[in-house]
Amino acid sequence: MLIIKILTSSDIPKISKIKKEFDVFRVVDINQGKLKMVEMFNKDGVFRGFGKDTKAAFKKAKKVLINFYKNK
């Protein structure tokens, strides 16, 4: 069963800082059984992170986003 939820700063407080810094307009949490995935959308693309829970997936997606702009 696939569950999709839009995350807000009330779910994870660090989202507001990420949105301001990297111009992210949407953060989506996707749960499919044991697989948890967080996607961050901005003008340059979609940045995904996978993990055992939502917070771990958020940290990995944040790392992918930071590495993208660091190497750009």
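Worth a mention:
- Reachable aspartates and glutamates from Lys59, criterion Cα separation under 18 angstrom, eight or more residues apart if same chain: Asp11, Glu21, Asp23, Asp29, Glu39
- Packing-based ranking, highest mean first, of 26-32, 42-48 given that Cβ atoms within 10 Å are counted: 26-32, 42-48
- Between the range 16-41 and the range 47-72, the Cα center-to-center distance that results, in Å: 9 Å
- Sequence ranges 54-61, 10-17, ranked by mean other-Cβ count within 10 angstrom, highest first: 54-61, 10-17
- Bins of 10 Å from zero: percent of alpha-carbon pairs in the chain: 21, 57, 20, 2
- Heavy-atom accessible area per residue - the chain, 1.4 Å, Å²: 70 Å²
- Between Lys34 and Ile3, the contour length at 0.36 nm per residue exceeds the alpha carbon distance by 10.0 nm.
The values are calculated or read from the model by the stated rules, or taken from the named source; none is laboratory data. Nothing here was measured: the structure is a model prediction, and the numbers come from that model. Neighbour counts are summed over all protein chains in view; Cβ atoms, including those assigned to glycine, are modelled from backbone coordinates with ideal geometry. To get the accessible areas, we keep the full protein, side chains included, count just its heavy atoms, and leave off ligands, DNA and RNA. Shrake-Rupley method; radii C 1.70, N 1.55, O 1.52, S 1.80 Å.
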